[in-house]
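Right, one structure below, let's go through it.
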Amino acid sequence: MANRSKDNFKDENAQLKKRIRELEKALEFSRLETLARDMMIDKVEAG
């Protein structure tokens, strides 16, 4: 039973780490999207 708990913990830990990586990628994409939008707004306002 103790080994199964360790396996469950390891699986959950791996899943959480994967989810963190996915969220970090989504956050970076969102930041880039916002930067691009801001650049377009600045160009329109300047032009």
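The numbers here are math on the coordinates, done by the rules we state, and not lab data. The shown structure was predicted, so the numbers you read here are calculated from the model rather than taken from an experiment. Note: ideal-geometry Cβ built from the backbone for every residue, glycine included; neighbour counts use all protein chains shown.
In the chain, what residues are assigned to a helix (DSSP H, G or I) and of a type in the set (G, A, S)?
A2, S5, A14, A26, S30, A36, A46, listed by residue number.
For the stretch 10-47, a residue qualifies if it is surrounded by 10 or more Cβ atoms within 10 Å (Cβ to Cβ) and among the small types (G, A, S), and the qualifying residues are A14, A26, S30, A36.
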